[in-house]
1. Taking the Cα atoms only, what angle lies between the long axis of helix 21-33 and the longest principal axis of the chain, rounded to 10 degrees?
2. Please compare each pair in Lys32/Lys162; Lys65/Lys162; Lys138/Lys161 to a cut-off of 22 Å on the Cα-Cα distance and tell me which ones are over it.
3. Which far-off residues, 5 or more places away or on another chain, put their amide H under 5 Å from the one on Val39, with H placed in the peptide plane?
4. For the chain, what's the relative contact order in percent, using C-alpha pairs closer than 8 Å and at least 6 residues apart?
5. Taking the Cβ of Glu62 as the center, what net charge do the other residues with Cβ under 12 Å away carry, scoring Lys and Arg +1 and Asp and Glu -1?
6. Where does each of 26-35, 72-81 land if you order them by average Cβ count within 10 Å, highest first?
7. Could you check the simple spin-label distance between Arg85 and Ser52, using points 7 Å along Cα→Cβ, in nm with one decimal?
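Derivation of every value follows stated rules applied to the coordinates shown; laboratory data play no part. Predicted model only: the values in this text are computed from it and were never measured. Quick reminder, even Gly has a Cβ in these numbers, built from the backbone with ideal geometry, and neighbours come from all protein chains shown.
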Amino acid sequence: MAERPTARIAVFPGSFDPLTNGHIDIIERGAKLFDRIIVAVLTNAAKTPLFSVEERMTIIRENFKNTPNVEADSFDGLVVDYARRRGASVLVRGLRGISDFEYELQMAMMNRHLDPAIETVFMMPAEQYTYVSSRLIKEVMTLGGSITGLVPAGVESRLRKKGSART
Ligand code: PNS
């Protein structure tokens, strides 16, 4: 996509294991604010993911195939280094409530220490997603609860397949 030389590029980094409707809400808001938003999946997370990085990027692409300024990518190492490499000046993070704030503030300040030219922008999802997290989605699914309306259909069906593969 052709971009102005001063295009405002944002990176939305995260684990996205899996993508939830809360993430989608934030990405849609970001796509309206920035010329481009790169949804960047962390590859070297210590925790063992349920979905592979490829699966997570495929899910993001599936959900944003009609939004040309949303891109899915993966990264390793420091997020500020990745952002700089991609010409991004903004890191987007979602804030669901006060409980997110302390961890997010620490990360934002550390990232500012590492690269003062990169600004963190916090965005709040729609109210109905303030209790949705990837961790709880996996737990509820494993225990047989309903996650309909909280994740995209493609995530729900993949989770179901993974669940049935285990039993
Ligand atoms: O969705 P998550 O798991 O809360 O996302 C955390 C993430 C990926 C944003 C964070 O762990 C991260 O940026 N990791 C990359 C390593 C890094 O840059 N660490 C220093 C920043 S505080």
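1. 20
2. Numbers: Lys32/Lys162 34 Å; Lys65/Lys162 24 Å; Lys138/Lys161 13 Å.
Lys32/Lys162; Lys65/Lys162, as the Cα separations exceed 22 Å there.
3. Close amide H contacts, sequence-distant or interchain: Phe12, Glu71, Ala72, Asp73.
4. Numbers: 232 pairs, mean separation 46.8, N = 167.
Here the relative contact order equals 28 percent.
5. +3
6. Working: 26-35: 18.3, 72-81: 16.5.
Result, highest mean first: 26-35, 72-81.
7. Result for the modelled spin labels: 2.1 nm.
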